[in-house]
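In what follows, a structure is listed as structure tokens, so that the remarks can point back to it.
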Amino acid sequence: MSDVTALHPGDTGLSVATGRTEALTGIAAGLAWLLAAVAAAAFDDLGDWLETQNYAIGVGVFGLSFIVLGLTGRWFPRGAAWVTRAGPWLIALGLVLTLWQLAAAKLGWLPQPFFPPPQGILEVYTFEYEELASHFLASFRLLAVGFVIGTIAGFLVGVSIGWSHKAGYWVHPVLRFIGPLPATSLLPIVFFAFPSSWSASIFLIALAAGFPVAVLTWSGVANVNTAYYDVARTLGVKPLGLIFKVAIPAALPNVFIGLFMALGAAFSALMVAELVGVKAGIGFYIQWSQGWASYANVYAALILLALLCSGSITLLFRIRDRLLSWQKGLVKW
């Protein structure tokens, strides 16, 4: 009983300290965002006042919400914990928005129209969301089709080379000769050989994504411990079963490393294809906007591209965590 009583004051003190930290973090983050709202409302010498006012109100609402979440951690612990965890980033972002607003819309440090203020980008999302959505979906469709085709082909090639000496004899030299070439260096040939720019872009993305998957899958299959095969054979596993039940599962960590590398290569090929040949997509929209000196549209499209990249990587991480759950605690990513 005395032990429990002795622990109780410490627990209370810890909760009070945690609540104080949450409150201070929420207040600091909220003040940073309220400062950004004041900078937009009071120091805008450029754009439409209505759009600036809407932007200032929205930023101010976010700032007030951070303060409320920080002060009400007793009743909303999840919200307060999120504000505490993300607090340094929220404070930094609020200060960046303030400096960006002053430098672009008041002090003239950032030349116009090359560096529009934040509300200029918000205006693009408000009035051109349909066109942006159509280009975003076009890029996503092109990336998804090319990436899936390339990774499947690369996986099959890697398994073949890693498992079969005959496949390695014939395919390995071709892979070493063509694979290291940047996919974009084949643009003149590809756009001439394929019937449409869309199919040519699919080929470029697939080629860029397939090479790292093939190499790392091959490495993973070739380096499987032979003791695993011996154990499987004693259990009566057939040769085909050795591939699907031993070689491929053991090579999956290498395969996912190849998939992450392939995703970056696929995005590079996507942008080049859209800038050169395809008439829809984020890359095409960026080039078109730059031609009309609509740099707010350029930045809005770049933000969407960053979200697409980040979302794709996050999805791939979740798939990897589910398939390789046995690696938790053994391998750090």
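Read-outs throughout are calculated quantities, based only on the coordinates presented, and are distinct from any laboratory measurement. Everything numeric in this text was worked out from a predicted model, so none of it was measured. Cβ placement follows ideal geometry from the backbone for every residue including glycine, while neighbour counts extend to all protein chains displayed.
Here are the numbers for this structure:
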read-out: Whole-angstrom gap from the stretch 124-168 to the stretch 197-223, using each part's C-alpha centre; value: 10 Å
read-out: Using alpha-carbon coordinates, inclination of helix 295-323 to the longest axis of the chain, degrees; value: 60 degrees
read-out: Computed lengthening from Phe192 to Ser268, 0.36 nm per intervening residue step minus Cα-Cα distance; value: 25.3 nm
read-out: Gln53/Phe76 FRET efficiency (R0 22 Å; Cβ-Cβ; nearest 0.05); value: 0.15
read-out: Cut-off of 10 Å, at most 13 other beta carbons, DSSP loop: longest stretch of the chain lacking such trypsin sites (Lys or Arg not before Pro); value: 75-278
read-out: Helix 197-222 axis, angle to the chain major axis (alpha carbon atoms, nearest 10°); value: 70 degrees
read-out: Global form of the chain, assessed from the alpha-carbon gyration tensor, a/c cut-off 1.5; value: oblate
read-out: Pairs of Lys in the chain closer than 29 Å at Cα, counting only those 8 or more apart or on different chains; value: 4
read-out: 222 nm mean residue ellipticity, helices alone, for the chain (DSSP H n ≥ 4; -39,500 (n - 2.57); rounded to 500); value: -27500 deg cm²/dmol
read-out: 0 to 90° range, to nearest 10: angle between helix 49-71 axis and the chain longest Cα axis; value: 90 degrees
read-out: Only Lys, Arg (+1) and Asp, Glu (-1) charged, at Cβ; the chain dipole about Cα centre in debye; value: 1520 debye
read-out: Estimated translational D of the stretch 102-182 in µm²/s (Stokes, Kirkwood radius over Cα pairs; 20 °C; 1.002 mPa s); value: 124 µm²/s
